[in-house]
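Asker: Quick one: structure below, then a few questions.
The values are calculated or read from the model by the stated rules, or taken from the named source; none is laboratory data. Owing to the predicted nature of the structure, the values given are computational and were not obtained by experimental measurement. Here Cβ is always computed from backbone atoms with ideal geometry, including for glycine, and neighbour counts include all displayed protein chains. SASA here: full protein model, heavy atoms, side chains in, ligands and nucleic acids out. Shrake-Rupley method; radii C 1.70, N 1.55, O 1.52, S 1.80 Å.
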Amino acid sequence: MNEYDSAKMEDVLHAAEGMVLTDRPEDADVILFNTCSVREKAQEKVFSDLGRVKELKRAKPHLLIGVGGCVASQEGEAIVQRAPYVDLVFGPQTLHRLPALMAERRRTGRAQVDIQFPEIEKFDHLPPARVEGATAFVSIMEGCSKFCSFCVVPYTRGTEISRPAVDVLREVAELAAGGVKEVTLLGQNVNAYIDEAESLDFTGLLELVDQIPGIERIRFTTSHPREFGPRLCDAFARLERLAGYVHLPVQSGSDRILSAMKRGYTTLEYKSIIRRLRESRPGLALSTDFIVGFPGETDEDHAKTLQLARDCGFDSAFIFIYSPRPGTPAAALADDTPHEVKVARLQELQAVIDAQGQAFAQRLVGTQQPVLIEGPSRKNPEELMGRTPDNRIVNFAGSAEWVGQIRTLTITEAYPHSLRGEPLA
Ligand code: SAM
Ligand code: SF4
């Protein structure tokens, strides 16, 4: 989501002032930090990064420094108070107002803070997506109304708002016309998508995107178990272009903890979604998010999480140690689990996931996979890199002309974080 928003900031400044990206901070006229406040570590990083660019401003007084994203949304004015050299503070829903904020800052000489949630306005004021390569993100909804007890997102990004389906479909069609073959539909909870005027839910939207000529692969992230109904599961049987990969955050394998997290589902309900998905699409790759060390989590709760990880056969996962966020209900709960215990739980869970991931990758060896070729391999620029439908990286020898194409490769080797392949003759 933040990568998408950063690209939009770049587009907005390019369209308004002809600005281009630089990777040298000392060359910049504007330095923007796009921030995350989902965990404390990410939040603290912003202030240490800001300290580093402060010096640049002394040498170049016209330099504008901005803080966007969820830390900006949460802290607002407090950022300018703590770091008075910051010129612009804007939230995830006001990034399209950047040119106006910059103009106002230049005119008045005063720092500008705009962290409102002007509903859907953001989508209407963004320049058209620029096509670079064969894959693109398309934002379909913003915000979150779930209010899980540990999470800041509903407070920093606002409540769930869907983008009109015609706009989404037009953007996808334009991307396809520009050579994009894979789109990732983006939102905090994409399956909460609803276009009431068109009586269209997320599954309905997927069905329409699937009919757009030129789009060969459809992904989405993130989805939430609460709205993952049978129709969406069954879409994986019907819609061939839907990639065989789902990221469905579960957070915990203990019903007691899920309830304290206010996730709105039980482990049984979660497992039945997975069963139905696997019936629809055998061989589906499944990833998830876990939080370990939620307040009050016992060894018994943790054992249930390990068991769920095995039962569901996740082959990858993002595992986080619980981080109390100011203003969230969980932050008021007593938390007496020592940090070392939390770290040990994280490592134990990671070991289960890694073993399952390795077994999954091993099963791909000898199979033929359609690989969307993204560009030169990171390890060896003489080679190419692409992704399988289940989002695994494949490195292989091939011609630079193939970039942007989908080609069938035979998978020859599996490593912990990548595969090796050979193009079919
Ligand atoms: N909306 C998605 C969902 O609920 O399925 C997830 C979006 S959330 C921004 C990404 C992940 O960050 C969550 O799935 C959760 O595992 C993690 N997360 C959120 N708040 C956290 C916290 N306070 N401490 C640790 N991890 C957290
Ligand atoms: Fe946060 Fe829960 Fe919303 Fe996900 S569903 S963004 S974890 S509040």
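Asker: Look at the stretch 26-43 and say how many of its residues are away from ligand 2 (no atom under 16 Å from the Cβ) and either surrounded by fewer than 18 Cβ atoms within 10 Å (Cβ to Cβ) or in contact (Cβ under 8 Å) with a residue 40 or more places away in the chain (or both).
Answerer: 6
Asker: Name the residue, out of Ala129, Ala136, that is touching a residue at least 40 places away in the same chain (Cβ under 8 Å), surrounded by 23 or more Cβ atoms within 10 Å (Cβ to Cβ) and touching a helix residue (DSSP H, G or I) at 6+ places or on another chain (Cβ under 7 Å).
Answerer: Ala136
Asker: Quick one: in the stretch 227-238, of everything that is buried (at least 16 other Cβ atoms within 10 Å of the Cβ) and not hydrophobic (A, V, I, L, M, F, W, C), which residue is nearest to Leu206 (Cα to Cα)?
Answerer: Per the stated criteria, the residue is Asp234.
Asker: Taking the criterion of being within 16 Å of ligand 2 (Cβ to nearest atom), in a helix (DSSP H, G or I) and either charged (D, E, K, R) or in contact (Cβ under 8 Å) with a residue 40 or more places away in the chain (or both), would at least one residue in the stretch 284-293 satisfy it?
Answerer: No - not one qualifying residue is present in the stretch 284-293.
Asker: Something else now. Ile257 is checked against (1) open to solvent by less than 20 Å² (accessible area, probe 1.4 Å); (2) more than 10 Å from ligand 1 (Cβ to nearest atom); (3) in contact with a Leu (Cβ under 8 Å, 6 or more places away or on another chain); (4) without any contact (Cβ under 8 Å) to a residue 60 or more places away in the chain and fails just one. What number does that condition carry?
Answerer: Of everything listed in (1) open to solvent by less than 20 Å² (accessible area, probe 1.4 Å); (2) more than 10 Å from ligand 1 (Cβ to nearest atom); (3) in contact with a Leu (Cβ under 8 Å, 6 or more places away or on another chain); (4) without any contact (Cβ under 8 Å) to a residue 60 or more places away in the chain, Ile257 misses just condition (3).
Asker: Shifting gears a bit: For Lys262, work out the one condition from (1) surrounded by fewer than 21 Cβ atoms within 10 Å (Cβ to Cβ); (2) modelled with pLDDT of 95 or more; (3) farther than 13 Å from Phe294 by Cβ; (4) not hydrophobic (A, V, I, L, M, F, W, C) it doesn't fulfil.
Answerer: (3)
Asker: Quick one: count up the residues across the stretch 310-345 that are open to solvent by 40 Å² or more (accessible area, probe 1.4 Å), in a helix (DSSP H, G or I) and of a type outside the set (Val, Ile, Thr).
Answerer: 8
Asker: Checking Lys122 against (1) away from ligand 2 (no atom under 16 Å from the Cβ); (2) open to solvent by 10 Å² or more (accessible area, probe 1.4 Å); (3) not aliphatic (A, V, I, L, M), which single condition isn't satisfied?
Answerer: (2)
Asker: Working only within the stretch 151-169, note down all residues that are more than 10 Å from ligand 2 (Cβ to nearest atom) and in contact (Cβ under 8 Å) with a residue 60 or more places away in the chain.
Answerer: Gly158
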